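The values are calculated or read from the model by the stated rules, or taken from the named source; none is laboratory data. Note that the coordinates shown come from a computational prediction; the quantities given were computed from them, not determined experimentally. Cβ: placed from backbone, ideal geometry, glycine included. Neighbour counts: every protein chain shown. SASA here: full protein model, heavy atoms, side chains in, ligands and nucleic acids out. Shrake-Rupley method; radii C 1.70, N 1.55, O 1.52, S 1.80 Å.
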Amino acid sequence: MANVLVTGGAGFVGAHVCKALARAGHRPIAFDNLSRGQRTAVKSGPLEVSDVLDRAALTDALRRHKIEAVMHLAGLTVVHESVAEPARYYVNNVAGTIDVLAAMADAQVKSIVLSSSCTVYDDQASGALNEAASLAPASPYALSKLMIEGVTADAAAAHGFSWLALRYFNAAGADPDGELSEADVLKVRLIPNLLRAAARGGAPFRIQGDDYPTRDGTCIRDLVHVSDLAAAHVAALDRIASLPKVINLGSGRGYSVRETLDAVARVTGKSIATEVAPRRPGDVAVRIADATLATTALGWSPRRASIDDIVADAWASRRWDND
Ligand SMILES: NC(=O)c1ccc[n+]([C@@H]2O[C@H](COP(=O)([O-])OP(=O)(O)OC[C@H]3O[C@@H](n4cnc5c(N)ncnc54)[C@H](O)[C@@H]3O)[C@@H](O)[C@H]2O)c1
């Protein structure tokens, strides 16, 4: 059993990581400034409401809770927002990570699992992407993720940390037990937005770009169930010192926006009016994972990989009455 500080623990993935850690007998402590996360998402342990840019608060939390490992998920995550506000993304994501690493050195905490992203890969690369695929981050968000891998590697070498960057593809779905909701935490994601449109009708759903070079013209993404992502963090904790430093987490299956719309219609039994809008800056046509290394190194493979399971879990967990 380990005491684990989960930065971003009130966010979508972080809340599920806290739950998975608690289930496995660990003690998660969420550390979140609630800029995007929700207090109500923190159900598996205490919450420290604070900012990763506050190094003293981090060091204090690490010492007070006798933390043995950090899972660093705090960050700003919206690609098109990062294109409009790059400095905000670099400060929050990169300087925030530097503070986490400095606090770990101060408090003698030696292990860190880092949330990285498939956006670090070259969008022109074809086929499923493994960890050796060429890197070409196409947005400030993506570059901030590559930069945090670099600063973590350097801090690890200097201070003797064990570290692992998990490059998630597109997290989706929600806790199959219905305890945690995808819709609770962020309102810019495709599936929650589609489910809201299915539930409420109203304005047509905007498909942002239908002229991509894909099978139906809309972007294709590898959707990975958030509970599967969370399970990988727990698996990593036990053997972090002996793992490769970078591991992809994806399902290996790609679904287009239109295919996701079809799945939402199937699961909810409701049709969704759509309209086509221009492409969003920073979006790429296709991204699919080769997650073989996650299987061989972590013993991980996604359990809820079908799009209907992912959509059904998100639909079952919906709670939008207070929107
Ligand atoms: N969701 C995905 O598909 C996906 C894919 C790849 C990588 N990631 C990464 O996973 C991590 C979690 O993403 P998510 O989808 O759960 O996003 P999220 O926005 O739901 O969670 C991020 C959390 O970090 C908190 N936070 C942000 N800045 C902070 C700061 N300075 N100090 C303290 N807390 C802060 C927010 O309040 C929020 O609760 C992020 O680092 C993201 O870049 C997510």
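So here's what we get for this one:
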quantity: Tally of residues being more than 8 Å from the ligand (Cβ to nearest atom) and β-branched (Val, Ile, Thr) across the range 1-35; calculated: 4
quantity: Qualifying residues in the range 70-80 (those that are open to solvent by less than 40 Å² (accessible area, probe 1.4 Å) and within 12 Å of the ligand (Cβ to nearest atom)) - the one nearest to Ala2 (Cα to Cα); calculated: Met71
quantity: Residues of the range 279-320 classified as assigned to a helix (DSSP H, G or I) and of a type in the set (Phe, Trp, Tyr), total; calculated: 1
quantity: Sole exception among (1) in contact with a Gly (Cβ under 6 Å, 6 or more places away or on another chain); (2) among the hydrophobic types (A, V, I, L, M, F, W, C); (3) within 19 Å of Tyr141 (Cα to Cα) for Val286, by number; calculated: (1)
quantity: Count of residues meeting criterion [in contact with a strand residue (DSSP E or B) (Cβ under 9 Å, 6 or more places away or on another chain) and open to solvent by less than 70 Å² (accessible area, probe 1.4 Å)] in the range 285-305; calculated: 14
quantity: Residue match in the range 212-234 (condition: polar (S, T, N, Q), without any contact (Cβ under 8 Å) to a residue 40 or more places away in the chain and open to solvent by 30 Å² or more (accessible area, probe 1.4 Å)); calculated: no
quantity: Filter result (in contact (Cβ under 8 Å) with a residue 60 or more places away in the chain and open to solvent by less than 10 Å² (accessible area, probe 1.4 Å)) within the range 17-32; calculated: Val17, Leu21
quantity: Test for Ser162: is it polar (S, T, N, Q) and buried (at least 18 other Cβ atoms within 10 Å of the Cβ); calculated: no
quantity: Residue count for the range 281-300, restricted to those that are more than 20 Å from the chain's Cα centre (by Cα) and of a type in the set (Lys, Arg); calculated: 0
quantity: Test result for Ala138, assigned to a helix (DSSP H, G or I) and open to solvent by 50 Å² or more (accessible area, probe 1.4 Å); calculated: no
quantity: Complete set of residues in the range 63-99 that are among the aliphatic types (A, V, I, L, M) and in contact with a strand residue (DSSP E or B) (Cβ under 6 Å, 6 or more places away or on another chain); calculated: Ile67, Ala69, Val70, Met71, Leu73, Ala74
quantity: Those residues of the range 171-190 which are buried (at least 22 other Cβ atoms within 10 Å of the Cβ) and modelled with pLDDT of 85 or more, in sequence order; calculated: Ala171, Ala172, Gly173, Ala174, Asp175
quantity: Subset of the range 36-52 that is modelled with pLDDT under 95 and near the ligand (Cβ under 8 Å from one of its atoms) - its residue that is surrounded by the fewest Cβ atoms within 10 Å (Cβ to Cβ); calculated: Gln38
quantity: Residues located in the range 87-114, provided they are open to solvent by less than 10 Å² (accessible area, probe 1.4 Å), out of contact with any Ser or Thr (no Cβ under 7 Å at 6 or more places or on another chain) and either farther than 14 Å from Asp51 by Cα or not in a helix (DSSP H, G or I) (or both); calculated: Met104, Val109, Val113
